[in-house]
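Before I ask anything, here is the structure I am working with.
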Amino acid sequence: MAVSKRLRYEILRRDNHTCRYCGATAPDAPLCVDHVTPVALGGTDTPNNLVTSCEPCNSGKSSATVDAAVVAGVSDDALRWADAMKQAAANMLEQEKPKLEYRAAFRAEWDRWEASEGKPIELPSDWKPSVERFRVAGLPSWVWGDIVDTAMGYDKVLNSNKFKYCCGIAWNKVTAMQEEARRIVGASPMPVPLDSRKSVIEAALTVWRCGLVENEKPPTTEQEDEFRRSLGELSDLDPERIIQAAQYATYFGTSNIAVALRDMDHDAASRAWRSAWPTTWVPGNEPWGGKFVGGPTDEQQEWVKEQIEKLLDADVYVTRIVQAASYAGSHKSARIYHGLSDEELELTGISGWHSRASELWRVAYTASGMAEPTEGEASRFFASLKRIGMDGEFYLADVYEAASAAGSYQDPDVTTCLTRHLSVFEAAALPVGGKN
């Protein structure tokens, strides 16, 4: 704001129409009003920053000696202001540092993946504020590795929807964290609204329709009819589950809620397995500090995917699949079997006793040498189990004990430790001379 005529007059009158720098007075020298601290350096138009100055002093062309104290004061003010601005900028940068590091951690995970044609998958223009919302919500930056891997690993998710799919997974994790926090503090869980069947269908339609519109692909009449029909065919309309599946339908670009539910259940089981897999944090020079190593191989991930699909095809309850997958991941195994029946295991071709024996062997092996068995050793281990199974004359307790002993010796051949303890007891219990 410019200095008003009234204020100029008051400043001139206050200074007795005398230049505060050289002492010149009117009418011998033309006078004006000068800012002690320049406006460009933050000076204000208040009286305590305004002084009377002759034009030569104001323009710097005066031959008169400028009052040293006044000049020093002005210089000090300018320097103090410049230092304050630098400090403010440093403070702002320090405040922005966590945001920048969090954003860099996400971007590093995202950039590890490319589209099928070898080009990076483009992020939407608003990805930065979206990621920032997760930082504010408390989602750890290291979680993005699993989230991005899950999203990129699903071919059914369109590349244009990869980021939204990541956000959907991230919000699920935030919700799980909030529920765990409520449990820790003893708060009751969030109530699930009781909606009528019609209300659930309409809500799911709205979520699905809006999601497609956001992707700039509004649904056609035929797509909307198919989505409504598939909703009507469902016998179970759990509100939370159906609404989440409707959101997944936008990620996968499908018009069938049953397909979306299937993809969502597959995603839940796959994420449970991968999240439970123990990994090691390796520090690094990156802004986010390092990375996790020691995750499952691509072959293991494909095998787990096949098992989950077969179990879902057989209508095995998804909660049991998720629990079995989580158990397998926590034991660094790709064999999903825990808690499943023999009939269900036949669908996947996984042997329950093979899996149990392999766990005992691996745990003992790792505890003995603080190192994981190699793939070659694991192959020889299962080959020895196959030979035992073909023999068919051993109790499982014998095999489990042998597997644990072999692991302690880091021996991949179980047969070397198989002593038939229980088989011997059974033979001792038979009548003298053998069976009648």
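Suppose the filter is in a helix (DSSP H, G or I) and at pLDDT below 85; does ALA378 pass it?
Yes.
If you don't mind, there's one more thing I want to ask. Within segment 323-351, how many residues turn out to be over 20 Å from PHE382 (Cβ atoms), surrounded by fewer than 20 Cβ atoms within 10 Å (Cβ to Cβ) and not polar (S, T, N, Q)?
Looking only at that region, the number is 2.
Same structure again: I want to confirm something. Restricting to segment 249-280 and keeping residues that are surrounded by fewer than 20 Cβ atoms within 10 Å (Cβ to Cβ) and of a type in the set (Ser, Thr, Tyr), which single residue is farthest from ASP298 (Cα to Cα)?
Only one residue fits best here, namely THR280.
Scan segment 155-179 residue by residue and report those that are of a type in the set (Gly, Ala, Ser), more than 16 Å from GLU132 (Cβ to Cβ) and surrounded by 16 or more Cβ atoms within 10 Å (Cβ to Cβ).
Within segment 155-179, GLY168 is the sole residue that qualifies.
Mind telling me which of the residues PHE227, PHE252 ends up being modelled with pLDDT of 85 or more and in contact with a Lys or Arg (Cβ under 9 Å, 6 or more places away or on another chain)?
Among PHE227, PHE252, only PHE227 is modelled with pLDDT of 85 or more and in contact with a Lys or Arg (Cβ under 9 Å, 6 or more places away or on another chain).
Cβ-Cβ under 6 Å, sequence separation 6+ or interchain: first residue in segment 95-118 and farther than 18 Å from ALA170 by Cα and modelled with pLDDT under 90, partner assigned to a helix (DSSP H, G or I) and polar (S, T, N, Q). Which pairs?
Going by the 6 Å Cβ cut-off, the qualifying pairs are ALA115/ASN159.
Oh, and also: Among the residues of segment 379-405, write down those that are among the small types (Gly, Ala, Ser) and closer than 16 Å to CYS417 by Cα.
Answer for segment 379-405, where residues must be among the small types (Gly, Ala, Ser) and closer than 16 Å to CYS417 by Cα: ALA383, SER384, GLY389, ALA397, ALA402, ALA403, SER404, ALA405.
For (1) over 31 Å from the mean Cα position of the chain (by Cα); (2) closer than 27 Å to ASP146 by Cα; (3) modelled with pLDDT of 80 or more, each residue gets a yes or a no:
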site: ASN172; (1), (2), (3): no, yes, no
site: MET177; (1), (2), (3): no, yes, no
site: ARG182; (1), (2), (3): no, yes, no
site: SER196; (1), (2), (3): yes, no, no
site: SER199; (1), (2), (3): yes, no, no
site: LEU205; (1), (2), (3): no, no, yes
site: GLY211; (1), (2), (3): no, yes, no
site: PRO219; (1), (2), (3): no, no, yes
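Have a look at VAL304, VAL316 and point out the one that is assigned by TED's automatic domain parsing to the domain that holds VAL157, outside any helix (DSSP H, G or I), among the β-branched types (Val, Ile, Thr) and at pLDDT 85 or above.
After applying the criteria, what remains is VAL316.
Scan segment 55-83 for residues that are part of a helix (DSSP H, G or I) and at pLDDT below 70 and report the count.
16
Something else: When you check ARG356 against the structure, is it at pLDDT below 85, assigned to a helix (DSSP H, G or I) and surrounded by 15 or more Cβ atoms within 10 Å (Cβ to Cβ), yes or no?
Criteria met by ARG356.
Suppose we keep only residues that are over 20 Å from ASP298 (Cβ atoms) and not hydrophobic (A, V, I, L, M, F, W, C) within segment 130-154. Which one would you say is surrounded by the most Cβ atoms within 10 Å (Cβ to Cβ)?
Selected residue: SER141.
Take the residues in segment 24-42 that are farther than 16 Å from SER4 by Cβ and without any contact (Cβ under 8 Å) to a residue 40 or more places away in the chain, then tell me which one is surrounded by the fewest Cβ atoms within 10 Å (Cβ to Cβ).
PRO27
The values are calculated or read from the model by the stated rules, or taken from the named source; none is laboratory data. Because the structure is a prediction, the values reported are computed rather than measured. Ideal geometry is used to build each Cβ from the backbone, glycine not excepted, and the neighbour counts take in all protein chains shown.
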